[in-house]
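The values are calculated or read from the model by the stated rules, or taken from the named source; none is laboratory data. Computed from a prediction, not measured in an experiment: that's the story for all the values here. No Cβ is skipped: glycine too gets one built from the backbone with ideal geometry, and neighbour counts run over all protein chains shown.
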Amino acid sequence: MNPPSAAQTAPPSTPSKAQTDPLRQWLAIEQSERLVAFAQTASGKFCLYGIAYLAVLPLLSAWTAALCVTAAWAVMAYADQRARILFMASWGLTLFEAATDDNDFAEKIQYVMAQEHYLLLSPELLAVGALLMMMAGLWLAMQHAISRPDGLLSRRPFVCMLAVEVALLVLSAPQVDHGLLRVLAWSMLVVFTPFVWFFPLAIADLRGRAADPPAMQMAVQRPFWSHNYLPFGKGAGYLRKHFSPLPREQAITHIKGVKLLLWANFLLLLSQVLTWFFSDYLALPRLINAIDAFVEGQPLPIATGWEVLIYGTFRYALQIAIWAHLFIGLARMAGYRLPRGSWRPLESRTLMEYFNRFHFYFKEILVDLFFIPTFFKVFRQHPRLRMFTATFMAAGVGNALWHFMADIHLIAVEGLWGAISSFSSYLFYSFVLAIGVGLSQVRASMGYRPSATLAGRLYAFLFIWSFVVLLRVFSDGTRDHTFEQRLRFLLSLFGLN
Amino acid sequence: MNREVFDTLRAYLQEALRLHGDTQELADGDSLFLSGRLDSFSMMNLILFLETAFALTFSDLEFDVEKVDSLNAIAALVHAKS
């Protein structure tokens, strides 16, 4: 194998620190032999899964929470059948969600249906039909890759997925098709897009000698614990390496899963308290509203503008952590002892470390699909340039592409050029982030080490988080303001017009 | 296995771990990357080091984290590729 899974790594840990910190020792309940023994009993499992369900409820609908926790329990209870259970849970949830009102797929399909005045089939039915077709397509593609290990799909699965994405985009263009054909092509594009980030991991794993069978590969395409565009837990290969069927190991993993879910709840509570204090009590507007006010010629006082920006950045970091902990907590309840998705980003001492800690699985997919292929291909005789280019491809190109594709429906709304144009501020963000992370990476490879003193740590904190806060103006994910408006807003915070 | 190669690799890995704030002892079979002691960027730095110090070449299609996940595995890889 196994290229794309080459970066199967975890956020940095600091074991020596964890061992000496009394609070962390107290929180490390999975080290209590009594608790581990209890977690292996029937009543212990009942308690853990009960707590997990209650912890998931504030974040997911009651049905989804029940399905996820039940599926996690079933994977644990019938480990020898886990491919089948995962398959049923993951695809069952995908199809169930697609068939219900107000789901992401149907919402995106509706844009083109409205443009084509197509009312014969419901968007939900189109989404389910397209998903079933795509399931069959992915299965056939997997068989093709197995039968032709030297074929293009087997060697370059991500490039092939992008080619299919582009082909569907062309087929669903109003200049090419109209009516039912365009609606069908668009439906396929909408449901296909998330799998661009999952399927290459399956093909990469299939190249290995110890690969999981295709059924397991299919089972973790958008697994039930993270139904989105990002492979939390990566592919079957990574999951296999983080699964132990031993009862004691499983019990520890479940305790760590419950801890993470409870931590997500604590962060959710913190987020709600902050929202109450800043948004309700202090009436601090959101960043998008602050830029609106600036554009309309009624800018907020500079100090308030900074408060909005800093609070907005912090809140975003909290959101990332909450969802990452939910997804990984659920995966741990299914027995996969995965590294956390967000790992103390405030402790980062370099930009590279921040990129690694802040959104671990996002970084991992970018490393797998962009960094590693670039690293092994270009500038082999120039180590620094090689490292910088590979980092730039991941943090810049990959980052921008992932976010652009997550909002693929905007091509239907704004047209291709309009969608690219409204994406310009995020492109700028990706470019600057990539330069920053790339330089940080090159410095590290040249031997630069951040100071471990208190002053050094304070300096690193201020540098990294100033960088992140300033860039937040361009990366808030909305498309409502142009790059120029955002830049002028940022300059206004320094008193510059 | 050449003892000198083993010692060179150990010194490199211990320094990489130390820079990650990990001062625990490194046993020959300890997992480095899958366990989370080192990250994916450290892995690429390790590849650079292996290419430079031992004149090895890698391609992305043959690359597998398990081949570099422990001191023993890396030493075996160097031995096999040299």
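For the reader, a short list of remarks on this structure follows.
- Residue in segment A:284-304 that is surrounded by fewer than 19 Cβ atoms within 10 Å (Cβ to Cβ) and aromatic (Phe, Trp, Tyr) present: no
- Sole residue being of a type in the set (A, V, I, L, M), at the interface with another protein chain (Cβ under 10 Å from one of its Cβ atoms) and not in a loop (DSSP other than H, G, I, E, B), chosen from A:VAL308, A:VAL367, A:VAL397, A:VAL413: A:VAL367
- Here segment B:10-25 is the region considered, the condition is being surrounded by 15 or more Cβ atoms within 10 Å (Cβ to Cβ) and under 14 Å from B:ALA75 (Cα atoms), and the residue that is nearest to the other protein chains (Cβ to nearest Cβ) is B:TYR12.
- Residue match in segment A:321-335 (condition: within 30 Å of A:LEU48 (Cα to Cα), in a loop (DSSP other than H, G, I, E, B) and not aromatic (Phe, Trp, Tyr)): yes
- Matching residues in segment B:31-69 - criterion: being more than 10 Å from chain A (Cβ to nearest Cβ) and surrounded by fewer than 19 Cβ atoms within 10 Å (Cβ to Cβ): B:ALA53, B:PHE54, B:ALA55, B:LEU56
- Looking only at segment A:348-387, and only at residues there that are aromatic (Phe, Trp, Tyr) and in contact with a Leu (Cβ under 7 Å, 6 or more places away or on another chain), the one that is modelled with the lowest pLDDT: A:PHE379
- Residue count for segment B:13-67, restricted to those that are charged (D, E, K, R) and in contact with an Asp or Glu (Cβ under 8 Å, 6 or more places away or on another chain): 1
- All positions within segment B:46-76 that are under 10 Å from the mean Cα position of the chain (by Cα) and without any contact (Cβ under 8 Å) to a residue 24 or more places away in the chain: B:ILE47, B:LYS67, B:ALA73
- From the options A:PHE105, A:PHE87, residue that is under 18 Å from A:MET216 (Cα atoms) and in contact (Cβ under 8 Å) with a residue 24 or more places away in the chain: A:PHE87
- Taking the criterion of being without any contact (Cβ under 8 Å) to a residue 40 or more places away in the chain and small (Gly, Ala, Ser), the only residue of segment A:284-294 that qualifies is A:ALA293.
- A:ALA406 vs. criteria out of contact with any His (no Cβ under 8 Å at 6 or more places or on another chain), of a type outside the set (Phe, Trp, Tyr), within 30 Å of A:VAL75 (Cα to Cα) and surrounded by fewer than 19 Cβ atoms within 10 Å (Cβ to Cβ): yes
- Contact map, segment A:271-283: residues that are surrounded by 14 or more Cβ atoms within 10 Å (Cβ to Cβ) paired with residues that are of a type in the set (S, T, N, Q), Cβ distance under 8 Å, separation 6+ or inter-chain. Pairs shown: A:SER271/A:GLN319.
- Flag for A:ALA167 being free of Cβ contacts under 8 Å to residues at least 60 places away in the same chain and among the small types (Gly, Ala, Ser): yes
- Number of residues in segment A:335-367 that are in contact with a strand residue (DSSP E or B) (Cβ under 9 Å, 6 or more places away or on another chain) and under 18 Å from A:LEU201 (Cα atoms) equals 1.
- Residue check for A:THR100: over 21 Å from the mean Cα position of the chain (by Cα) and either surrounded by 20 or more Cβ atoms within 10 Å (Cβ to Cβ) or within 27 Å of A:ILE320 (Cβ to Cβ) (or both): yes
- Screening A:ILE420 with (1) buried (at least 17 other Cβ atoms within 10 Å of the Cβ); (2) more than 12 Å from every other protein chain (Cβ to nearest Cβ); (3) without any contact (Cβ under 8 Å) to a residue 60 or more places away in the chain; (4) of a type outside the set (Gly, Ala, Ser) gives one miss only, at (1).
- Residues located in segment A:342-375, provided they are more than 30 Å from A:THR453 (Cβ to Cβ) and in contact (Cβ under 8 Å) with a residue 60 or more places away in the chain: A:TYR361, A:PHE362, A:GLU364, A:ILE365, A:VAL367, A:ASP368, A:LEU369, A:PHE371, A:ILE372, A:PRO373
- Residues considered: B:ASP7, B:ASP28. Of these, the only one that is more than 13 Å from chain A (Cβ to nearest Cβ), of a type outside the set (A, V, I, L, M, F, W, C) and not in a helix (DSSP H, G or I) is B:ASP28.
- Filtered residues of segment A:440-459 (kept if within 13 Å of another protein chain (Cβ to nearest Cβ) and either exposed (fewer than 14 other Cβ atoms within 10 Å of the Cβ) or not polar (S, T, N, Q) (or both)): A:VAL442, A:ARG443, A:ALA444, A:MET446, A:GLY447, A:TYR448, A:ARG449, A:PRO450, A:SER451, A:ALA452, A:ARG457
- Members of segment A:43-73 that are surrounded by fewer than 21 Cβ atoms within 10 Å (Cβ to Cβ) and either among the small types (Gly, Ala, Ser) or assigned to a loop (DSSP other than H, G, I, E, B) (or both): A:SER43, A:GLY44, A:GLY50, A:LEU57, A:PRO58, A:LEU59, A:LEU60, A:SER61, A:ALA62, A:ALA65, A:ALA66
- Test: residue in segment A:288-296 that is of a type in the set (Asp, Glu), over 30 Å from A:SER154 (Cα atoms) and not in a helix (DSSP H, G or I): yes
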